[in-house]
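**Q** The structure's right below; bear with me while I get my questions together.
The values are calculated or read from the model by the stated rules, or taken from the named source; none is laboratory data. Note that the structure is predicted; figures quoted are calculated from it, not measured. Every residue, glycine among them, receives a Cβ derived from its backbone with ideal geometry; neighbour counts consider all protein chains shown.
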């Protein structure tokens, strides 16, 4: 933390023209940097949309159906299927909600960097670090939800786990859509991390 | 691809001392870069060990037990539990095997960069890109295996999925160990990606 002030000053000096070094930075460091920042903002807005819709679809996936009791097949009871019946889906919702919140914060930060490019390089590093962390969380949540959803879809005859999707069709469609959106969000995070790294690489003179 | 030659020449020139610009680069660009490369190699060797052991433990998790038939509880049959009974575990083995192979290739590449530092910056970019991709694959495989293993451990009374780990204890221990190792591998990939990005950041003058 002690090295922040000199580095910020150095970056600010880089973004200024040599003739007007006493003025605040009026423009981003280079046109390529602005383009990268704009793409970054667009990807983060997409990430926000994907994670928000994924959370909403997962949370609203509840479906109730008349299911015959195993002990008395002639008697049917109305049983609901909810996302919070499975710990994997609860983790999924928590992880995607964190990613959604993260996308709001970083979209604002990315817009802030376009307006005030003195902190551009430092933010690229932070973005690359945090995007990778968030990717790990979103990818693992996608895997967990996908793994459990697949058991629900196909069952597992080796251990006697029955199919769920043959009964709860709407529930499974929602879970599938939500998992696909989370996969899209994970791909976006891969692209965002690569973009930040590439922008850093491009700044090496 | 057309810009490769001038960039390589520029990087080679950076690593040479100004007085001996006609000689090949005898030393890495800086001591910090060598330290980062050594840490990179160590982390990649750890990644190789973790993924290899995870694959071996998962593949050797087979266990056979006498299980009473549901239709006739007095009759027991010997039933095996194998990793390839679940698509999530098959995906896990495939993903971790790819990560293991990737770790061998990149360890060799990283050692090569220490010996021939002219390509250091370009390799940092490639490593950062590929580590992020591999992290997505390993994290999703860890999530999928963890999600299914948790159902095996706790069951799910809402949909009538029975516990498996109460019967197949050794099988579940192996699956748990393998998933924990994959989680460790995912953390290593996060660190590797961050290290490459940080090394790029440090090269910005």
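**Q** Is at least one residue of the range A:72-92 part of a helix (DSSP H, G or I), at pLDDT 95 or above and closer than 17 Å to residue A:184 by Cβ?
**A** yes
**Q** Do we have residue B:120 as part of a helix (DSSP H, G or I) and over 29 Å from residue A:183 (Cβ atoms) here?
**A** Against the criterion (part of a helix (DSSP H, G or I) and over 29 Å from residue A:183 (Cβ atoms)), residue B:120 qualifies.
**Q** Additional query: Take the range B:131-170 and flag every residue that is surrounded by fewer than 21 Cβ atoms within 10 Å (Cβ to Cβ), more than 7 Å from chain A (Cβ to nearest Cβ) and touching a helix residue (DSSP H, G or I) at 6+ places or on another chain (Cβ under 7 Å).
**A** B:137, B:153, B:163, B:165
**Q** Touching a helix residue (DSSP H, G or I) at 6+ places or on another chain (Cβ under 8 Å) and either surrounded by fewer than 19 Cβ atoms within 10 Å (Cβ to Cβ) or within 11 Å of chain A (Cβ to nearest Cβ) (or both): which single residue out of B:98, B:113, B:77 fits that description?
**A** Criteria check complete, one pass: B:98.
**Q** Let me ask something else. Given (1) more than 23 Å from residue B:35 (Cβ to Cβ); (2) surrounded by fewer than 19 Cβ atoms within 10 Å (Cβ to Cβ); (3) in contact (Cβ under 8 Å) with a residue 24 or more places away in the chain, identify the lone condition not met by residue B:122.
**A** Here residue B:122 clears every test but (1).
**Q** Let me ask something else. Please go through the range B:182-205 and give me each residue that is more than 7 Å from chain A (Cβ to nearest Cβ) and within 30 Å of residue A:164 (Cβ to Cβ), ordered by number.
**A** B:182, B:183 - these are the residues of the range B:182-205 that are more than 7 Å from chain A (Cβ to nearest Cβ) and within 30 Å of residue A:164 (Cβ to Cβ).
**Q** Oh, and also: Anything in the range B:46-85 that is in contact with a strand residue (DSSP E or B) (Cβ under 9 Å, 6 or more places away or on another chain) and farther than 30 Å from residue B:183 by Cα? List them, or say none.
**A** The answer is B:66, B:67, B:68, B:69, B:74, B:75, B:76, B:77, B:78.
**Q** Restricting to the range B:90-115, name every residue that is more than 21 Å from residue B:61 (Cβ to Cβ) and in contact (Cβ under 8 Å) with a residue 12 or more places away in the chain.
**A** B:102, B:103, B:104, B:106, B:107, B:109, B:110, B:111, B:113, B:114, listed by residue number.
**Q** Then there is this: When the residues of the range B:32-71 are narrowed to those that are in a strand (DSSP E or B) and within 14 Å of another protein chain (Cβ to nearest Cβ), which ends up nearest to the chain's Cα centre (by Cα)? Steps first, answer last, please.
**A** Of all residues in the range B:32-71, those in a strand (DSSP E or B) come to B:63-68.
Subset that is within 14 Å of another protein chain (Cβ to nearest Cβ): B:63-65, B:67-68.
Details: B:63: 26, B:64: 30, B:65: 32, B:67: 36, B:68: 39 Å.
By that ranking, first place goes to B:63.
**Q** Hey, another quick one. Looking at the range A:153-168, is at least one residue touching a residue at least 60 places away in the same chain (Cβ under 8 Å), assigned to a helix (DSSP H, G or I) and more than 17 Å from the chain's Cα centre (by Cα)?
**A** No - not one qualifying residue is present in the range A:153-168.
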